[in-house]
Amino acid sequence: MSDTSRRPRTSGKPYRRPKKDPVRILAFDALRAVDERDAYANLVLPPLLRKARENGDFDGRDAALATELVYGTLRRQGTYDAIIAQCVDRPLREVDPPVLDVLSLGAHQLLGTRIPSHAAVSATVELARVVLGDGRAKFVNAVLRKIAQSDLDGWLAKVAPPYDEDPEDHLAVVHSHPRWVVSALWDSLGGGRAGIEELLAADNERPEVTLVARPGRATTEELLGEEAAEPGRWSPYAVRLTEGGEPGAIGAVREGRAGVQDEGSQLVALALANAPLDGPDEKWLDGCAGPGGKAALLGALAAERGATLLASEKQPHRAGLVAKALAGNPGPYQVIAADGTRPPWRAGTFDRVVMDVPCTGLGALRRRPEARWRRRPEDLDGFAPLQRGLLRTALESVRVGGVVGYATCSPHLAETRAVVSDVLKQFPGAELIDARPLLPGVPELGDGPDVQLWPHVHGTDAMYLALVRKTAP
């Protein structure tokens with residue numbers, strides 16, 4: 001009678017069931033979601049981690065490792081692709097995407113963490129056996145053993161062209177950014193090797209979680225009572241969680257009295273709120289309010305002055321997020337779903353207007369590392385008409401003597417100064433005002449009058465802000 005209790009023997013050894021490693025399986029699942037569904041890791045990962053904790057599969061250290069594996073692999077994808085390409089016998093486009101994800105996870109453990117090489121290889125091969133099968137696990141094993149023969153610096157010396165021969169391609173491989181992004185960021189910085197290297201390196205660092213204490217609802221003192229919490233660098237309402245942590249576990253965040261908001265975004269809101277006006281200060285507009293962080297801070301600041309905020313967002317589901325963020329605001333506000341380029345409000349209605357426009361998001365690559373691989377130079381052409389249209393709406397919506405803030409989470413010159421310059425040519429009754437004094441204590445803000453923040457200089461996302469006063473109809 002044949003033995004059906006095990007698989008057939010292939011090499012004289014009994015079949016061994018692969019060991020399931022919940023940390024690496026979760027990391028693999030997150031990477032597959034990012035690749036297959038164009039999902040964002042910062043949206044995919046939290047529910048996966050929550051489910052793993054609820055099932056008893058994870059503790060805090062497991063969650064930290066899974067997070068590092070996912071984000072580290074995504075940030076270094078370009079570098080790891082170049083290295084893996086040297087270790088396989090076919091073009092990378094011919095390697096099945098799930099196999100490439102496993103190889104990239106293994107490469108990150110070997111080259112980007114302190115996990116011992118033997119453990120990184122064996123754990124990744126076990127993962128391959130679980131999610132890919134024994135045959136492709138052998139391929140993974142062979143490739144990872146080649147990668148393990150050198151450290152990251154040794155590999156970069158092999159796969160990155162010399163800086164003197166091709167500086168942009170060198171930086172693209174070493175710092176894992178597409179070449180066109182390197183070029184665009186370099187132009188925005190204004191040249192110099194040190195600055196671009198520091199910026200690209202900062203894009204690959206894990207950002208701190210930054211909270212905002214919404215005025216009238218929470219205080220920084222309350223938030224500073226949390227573990228590993230420190231004051232923000234620039235915003236009086238900011239608190240940094242220096243060791244990560246789960247914001248949703250904090251009472252003030254759970255209750256909506258505080259929120260997660262990058263300090264650069266807070267500074268944009270504060271600068272607009274504090275810009276000098278001629279005349280009344282009663283009606284404020286956030287014309288691109290989703291998902292609501294900036295609107296919630298503006299709403300709280302408006303409430304302190306007895307002003308009303310109108311928060312407008314084109315997408316209904318994002319308008320719902322804005323309403324959730326503003327729920328409980330201490331002063332009057334309204335949330336509507338409306339197209340900012342075809343506004344339902346009358347011209348000249350508002351005293352203050354902010355337009356934080358849709359953009360490529362190149363200023364937030366620390367938080368959304370996969371965005372660097374999805375964006376293309378032609379995306380700029382798609383955003384350009386919308387950005388100009390929204391700034392025109394803002395200038396039409398503000399009254400004479402009022403102020404408009406044009407903001408974008410991208411330092412690309414085509415999305416910042418080019419937009420402002422083009423639109424202001426159509427509005428002779430508008431003038432740029434110096435935004436720098438409205439960010440007190442923040443260093444290295446350039447020649448003005450607009451402001452560009454940087455991850456490597458200010459520790460914020462690369463937010464851009466131009467303030468415009470309307471001087472005539």
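Just a few scattered comments:
- Residue within segment 394-406 that is open to solvent by 60 Å² or more (accessible area, probe 1.4 Å), touching a residue at least 60 places away in the same chain (Cβ under 8 Å) and of a type outside the set (A, V, I, L, M) present: no
- Pairs are defined by a Cβ separation below 6 Å, a sequence spacing of at least 6 or placement on different chains, a first member in segment 119-143 that is closer than 22 Å to Gln86 by Cβ, and a second member that is open to solvent by 50 Å² or more (accessible area, probe 1.4 Å); no pair meets this definition.
Listed here are the residues, each with its yes/no results for (1) open to solvent by less than 20 Å² (accessible area, probe 1.4 Å); (2) assigned to a loop (DSSP other than H, G, I, E, B).
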site	(1), (2)
Pro207	no, yes
Gly216	no, yes
Glu221	no, no
Glu230	no, no
Trp234	no, yes
Gly244	yes, yes
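Conditions (1) within 23 Å of Cys409 (Cα to Cα); (2) among the basic types (Lys, Arg); (3) outside any loop (DSSP other than H, G, I, E, B); (4) in contact with a helix residue (DSSP H, G or I) (Cβ under 7 Å, 6 or more places away or on another chain), marked per residue:
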position: Gly248; (1), (2), (3), (4): no, no, yes, yes
position: Lys324; (1), (2), (3), (4): yes, yes, yes, no
position: Gly328; (1), (2), (3), (4): no, no, no, no
position: Gln334; (1), (2), (3), (4): no, no, yes, no
position: Gly340; (1), (2), (3), (4): yes, no, no, yes
position: Pro344; (1), (2), (3), (4): no, no, no, no
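- Taking the criterion of being farther than 24 Å from Arg367 by Cβ and part of a helix (DSSP H, G or I), the residues of segment 385-407 that qualify are Pro385, Arg388, Gly389, Leu391, Arg392, Thr393, Ala394, Leu395, Glu396, Ser397.
- The single condition from (1) on the phi > 0 side of the Ramachandran plot; (2) more than 18 Å from the chain's Cα centre (by Cα) that Gly361 fails is (2).
- Single match in Pro385, Pro428 (criterion: over 19 Å from the mean Cα position of the chain (by Cα), without any contact (Cβ under 8 Å) to a residue 40 or more places away in the chain and open to solvent by 60 Å² or more (accessible area, probe 1.4 Å)): Pro385
- Scan of segment 312-367 for residues that are free of Cβ contacts under 8 Å to residues at least 40 places away in the same chain, of a type in the set (A, V, I, L, M) and touching a Gly at 6+ places or on another chain (Cβ under 7 Å), ordered by number: Ala319, Leu321, Val322, Leu326
- The requirement of being at pLDDT 95 or above, surrounded by 15 or more Cβ atoms within 10 Å (Cβ to Cβ), among the hydrophobic types (A, V, I, L, M, F, W, C) and farther than 24 Å from Val209 by Cβ is not satisfied by Ala325.
- A count restricted to segment 177-196 and to residues that are buried (at least 16 other Cβ atoms within 10 Å of the Cβ) and within 19 Å of Gly446 (Cα to Cα) stands at 7.
- So Val442, is it in a loop (DSSP other than H, G, I, E, B), under 17 Å from Leu272 (Cβ atoms) and at pLDDT 95 or above: yes
- Odd one out for Ser410, checked against (1) assigned to a helix (DSSP H, G or I); (2) under 26 Å from Gln77 (Cα atoms): (1)
- Scanning segment 366-382 for residues that are among the aliphatic types (A, V, I, L, M) and over 13 Å from His412 (Cα atoms) turns up just one, Ala371.
- Residue list for segment 93-149, filter: of a type in the set (S, T, N, Q), more than 31 Å from the chain's Cα centre (by Cα) and open to solvent by 50 Å² or more (accessible area, probe 1.4 Å): Ser122, Gln149
- Residue selected from segment 285-319 under the condition under 21 Å from the mean Cα position of the chain (by Cα) and in a helix (DSSP H, G or I), by the criterion farthest from Ala394 (Cα to Cα): His317
The values are calculated or read from the model by the stated rules, or taken from the named source; none is laboratory data. Just so it is clear, the model here is predicted, and its values are computed rather than measured. Using ideal geometry, Cβ is built from the backbone for each residue, glycine included, and neighbour counts are taken over all protein chains shown. All accessible areas refer to the heavy atoms of the entire protein, side chains included, with ligands and DNA or RNA removed. Shrake-Rupley method; radii C 1.70, N 1.55, O 1.52, S 1.80 Å.
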